[in-house]
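What follows is a single structure, written as structure tokens, with notes after it.
The values are calculated or read from the model by the stated rules, or taken from the named source; none is laboratory data. Note that the coordinates shown come from a computational prediction; the quantities given were computed from them, not determined experimentally. Virtual Cβ from ideal backbone geometry, glycine too; neighbours counted across all protein chains shown. The area values use the complete protein model at the heavy-atom level, side chains included, leaving out ligands, DNA and RNA. Shrake-Rupley method; radii C 1.70, N 1.55, O 1.52, S 1.80 Å.
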Amino acid sequence: MWMAVPKKRRSIEINRTRRRAVEKLIKVKDNVEPCLECGHLKQKHVLCGFCYEKVRRETALIRIQIKAMEGGPLKAPATETVVFYEGEVAGDKDKDKRIVERARKRPAWFS
């Protein structure tokens, strides 16, 4: 069985120009800006990773509290959930909703 083999050796100059071609260089991103909430750099059309992580942690704590209230994920009612923080009171529009109360101040970014 015959294998394909190059007829001539590639020179060092040819190899270097192939490896360092303009198309293979890292592109400079010009769509980077600081996040308005935390100040970390992020792309303009992408959610800030640090802010997303804070929201994800807070949401996980709320889900743990809901699970403790309901006794499991399968026993949860099919109603809307409203989260109240310290100093917030339920109104008439929150009458038929599941209410989760958090014993801390509402974060500025979690509204």
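General remarks:
- Options Thr17, Thr81: the member that is polar (S, T, N, Q) and touching a helix residue (DSSP H, G or I) at 6+ places or on another chain (Cβ under 9 Å): Thr81
- The stretch 62-90, subset among the hydroxyl-bearing types (Ser, Thr, Tyr) and not in a strand (DSSP E or B), residue most open to solvent (accessible area, probe 1.4 Å): Thr79
- Of all the numbered requirements in (1) outside any loop (DSSP other than H, G, I, E, B); (2) open to solvent by less than 100 Å² (accessible area, probe 1.4 Å); (3) of a type outside the set (A, V, I, L, M, F, W, C), Gly39 misses one, and that requirement is (1).
- Single unsatisfied condition, Lys67 versus (1) of a type in the set (Lys, Arg); (2) touching a residue at least 12 places away in the same chain (Cβ under 8 Å); (3) farther than 30 Å from Pro34 by Cα: (2)
- Residue that is nearest to Glu37 (Cα to Cα), among those in the stretch 50-61 that are in contact with a Cys (Cβ under 9 Å, 6 or more places away or on another chain) and open to solvent by 40 Å² or more (accessible area, probe 1.4 Å): Phe50
- Unmet requirement for Arg106, which otherwise passes all of (1) exposed (fewer than 11 other Cβ atoms within 10 Å of the Cβ); (2) in contact with a Phe, Trp or Tyr (Cβ under 6 Å, 6 or more places away or on another chain): (1)
- Filtered by the rule that a residue be assigned to a loop (DSSP other than H, G, I, E, B) and touching an Asp or Glu at 6+ places or on another chain (Cβ under 9 Å), the stretch 91-107 gives Asp96, Lys97, Arg102, Ala103, Arg104, Lys105, Arg106, Pro107.
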